[in-house]
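So the structure is just underneath, and the comments pick up after that.
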Amino acid sequence: MSDLKNMTVSEIEEFAISIGEKGFRGRQIFRWIHGQETDSASSFDAMTDLSKGLREKLESSDACISAMKILKVQESSDGTRKYLLGTEDGMAIETVFMKYKYGNSICVSSQAGCRMGCKFCASAQGGLQRNLTAGEIADQILTVRRDAGEKIGHVVVMGTGEPFDNYDELCRFLEIVSSREGMGLGLRNITVSTCGLIPEMKRFEQDWPQVNMAVSLHAPDNERRNKIMPVNKKYPLEELIRAAKEHGKVTGRRVTYEYALMDGFNDSVEDADALAKLLARSLCHVNLIPLNRVKESDYSQSGRRTAEAFCRRLEEKGVPATIRRELGSDIDAACGQLRASYSKL
């Protein structure tokens, strides 16, 4: 069947024409599925401004509107909600809803599982199950905002999976959620994270120059990055930094580097100096992340004083840095933990 949730505006217009309707009916259907209100339609019968005849025609066509199921929700004392969502074919993925002073934000997954194999990450433990469709990535936003009853203005594609390993569906997702007929999300309010797939990074700066990019770095040299991130063996650090700096020059947008501080591994003042030297003369910001403990990993979180010293050192060297606020620390904060615990039920 044709999943309308996975279609762009122009594709739903073409679908409407194919069943004997005017193209603008497709835009109406798209608005019902992806509209800016918190309670978008999950069935044709709910599209009340369409004629009964058209709704019956849609019901009898080969079209459908897929829908995620909420399998479990954990709510933190700070308002963060972590959702375990089920796809129609039985996959389980995670999505996190966060409340900030500037508005509501959501962290969505781009794959069920991940094949990048980062040693400190829970999401990599079970490998890749499959890519998510654009509709499934978008549906995480639709499902969460319906459950929360609140609008969402900022999106980070930093959940389970490597977004650039699912590049075509990522691009389709960006087109769907930024469409004025749908959610109308501003591209500057969307951030996509990558562990360093350089060919896709270069495509991305041409295809989506307004979307923010974050690079998962986590080590200041090849030797240590090779140990924790297998992708570095194919795309070594110096090539990655060169590509990221070029991204900043081409787009005019600051690149965020994510750096998970691991006790005794990458968190010394000397490591901060090495990182500052690596990122010198570039438009960037370093997001220092308190590492989430993963049972299968040998790495543990650096202490708060160590993190603050690391952050100060970067600032002294002229590299803007902040320590990420630990939202939802009381609800299995690490990506993949909720999905893993559910699979054992």
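Structure values in brief
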quantity	calculated
Subset of region 133-173 (residues that are open to solvent by 40 Å² or more (accessible area, probe 1.4 Å), within 14 Å of V96 (Cβ to Cβ) and within 14 Å of the chain's Cα centre (by Cα))	H154, M158
Residue tally, condition of a type outside the set (G, A, S), touching a residue at least 24 places away in the same chain (Cβ under 8 Å) and open to solvent by 60 Å² or more (accessible area, probe 1.4 Å), over region 42-94	7
Those residues of region 172-198 which are outside any helix (DSSP H, G or I) and touching a residue at least 40 places away in the same chain (Cβ under 8 Å), in sequence order	S179, E181, G182, M183, G184, T191, S193, C195, G196
Yes/no for I176 being β-branched (V, I, T), open to solvent by less than 10 Å² (accessible area, probe 1.4 Å), modelled with pLDDT of 95 or more and within 27 Å of C118 (Cα to Cα)	no
All positions within region 129-151 that are modelled with pLDDT under 95 and hydrophobic (A, V, I, L, M, F, W, C)	A148
Subset of region 251-274 (residues that are of a type in the set (V, I, T) and touching a Pro at 6+ places or on another chain (Cβ under 7 Å))	T251
Residue that is modelled with the lowest pLDDT, among those in region 250-299 that are surrounded by fewer than 16 Cβ atoms within 10 Å (Cβ to Cβ), more than 24 Å from the chain's Cα centre (by Cα) and charged (D, E, K, R)	D298
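The values are calculated or read from the model by the stated rules, or taken from the named source; none is laboratory data. Remember, it's a predicted structure, so these values are computed and weren't measured experimentally. Methodologically, a virtual Cβ is constructed for each residue, glycine included, from the backbone with ideal geometry; neighbour enumeration extends over all protein chains shown. Quick note on the areas: whole protein, heavy atoms, side chains included, nothing else; ligands and nucleic acids left out. Shrake-Rupley method; radii C 1.70, N 1.55, O 1.52, S 1.80 Å.
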